1. List pairs: first residue in segment 56-77 and over 18 Å from Met1 (Cβ atoms) and polar (S, T, N, Q), second residue at pLDDT 95 or above and part of a loop (DSSP other than H, G, I, E, B) anywhere in the structure, Cβ distance under 6 angstrom, at least six positions apart or on different chains.
2. Would a scan of segment 73-87 turn up a residue that is of a type in the set (Ser, Thr, Tyr) and loosely packed, with under 13 Cβ neighbours inside 10 Å?
3. Among the residues of segment 30-45, is there at least one that is at pLDDT 95 or above, aromatic (Phe, Trp, Tyr), closer than 19 Å to Ala194 by Cβ and buried (at least 24 other Cβ atoms within 10 Å of the Cβ)?
4. For the condition without any contact (Cβ under 8 Å) to a residue 40 or more places away in the chain and either among the aliphatic types (A, V, I, L, M) or within 23 Å of Pro226 (Cα to Cα) (or both), what is the one hit in Val82, Val40?
5. Does Ala6 fit the bill of being in contact with a Phe, Trp or Tyr (Cβ under 7 Å, 6 or more places away or on another chain) and crowded, with 20+ Cβ neighbours inside 10 Å?
6. Any residue in segment 202-215 that is among the hydroxyl-bearing types (Ser, Thr, Tyr) sitting within a Cβ distance under 8 Å of a residue that is exposed (fewer than 14 other Cβ atoms within 10 Å of the Cβ) and in a helix (DSSP H, G or I)? List the pairs, counting only those 6 or more apart or interchain.
7. For segment 52-68, enumerate the residues that are surrounded by fewer than 24 Cβ atoms within 10 Å (Cβ to Cβ) and at pLDDT 95 or above.
Amino acid sequence: MTPFIAELLGTMLLILMGAGVCANVLLTKTKGHGAGWIVVTTAWAMGVFIGVVVAGPYSGAHLNPAVSLGLAIGGSFPWSDVCSYIIAQMLGAALGAFLVWLVYKDHFDATENPGLKLGVFTTSAEIKNPVINFMTEVIGTFVLMFVVFYITDGEVTYENNSTLPVGLGSVGAIPVAFTVWVIGLSLGGPTGYAINPARDLAPRIMHAILPIKSKGGNDWGYAWIPVFGPITGAALAALLYLLL
């Protein structure tokens, strides 16, 4: 397992679970139709957990371009690896979105509201106010990135005294998952808490190219907010970490 493959697979699992719960809650005639926000935020948090468990020992499990950039700004990650990580995350997010469409294809076809179909793939503001929407993503990602800086890397020690560095892997997965969970519960109401450029942009692109019946537009006018908001929030968290 290379770091590139680990980031791709970890991000794929994150989006498969996260966009998957959105499909289950939003689309017509699903078992979980209308299950609500607690279900959505819990599944996203658990999606982070399994993505981090898989990718953690091999890549540190960033699963998020904003995290990669934030760690690089904070001096915890080499700038030379940032580009390859972001490419892997974008590809993994696109693959995860494709698999969600495949699993729920019949339900996409049965759903008449194009906004609900788009909502499976992307985030959006409940009240459109670009300044507030942008700041919401900045603040949510700031919380995520600031907490990540304070998660101590760990090691698993075996009986033969060999060790396996896990980074944010199976030891760190639980606090990361809880952090994402509480961000969604507390700060996710206005925009759906992208807090991850790959989480929104790659699935939005997949929504644009997949043959989804009566899918409507892609709301590209909003698409910059879940990209640049998280990047800004991660950068601010990194700078504060360095200052402290």
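The values are calculated or read from the model by the stated rules, or taken from the named source; none is laboratory data. The model shown is predicted, which means the values in this text are computed figures rather than measured ones. FYI the Cβ positions are ideal-geometry reconstructions off the backbone, even for glycines, and counts take in every protein chain you see.
1. Listed pairs, sorted by first residue: Asn64/Asn196.
2. Looking for residues that are of a type in the set (Ser, Thr, Tyr) and loosely packed, with under 13 Cβ neighbours inside 10 Å, one finds at least one in segment 73-87, hence yes.
3. yes
4. Val82
5. Numbers: in contact with a Phe, Trp or Tyr (Cβ under 7 Å, 6 or more places away or on another chain): yes; crowded, with 20+ Cβ neighbours inside 10 Å: yes.
Considered against the rule, which asks whether it is in contact with a Phe, Trp or Tyr (Cβ under 7 Å, 6 or more places away or on another chain) and crowded, with 20+ Cβ neighbours inside 10 Å, Ala6 comes out as yes.
6. Going by the 8 Å Cβ cut-off, there are no qualifying pairs.
7. none
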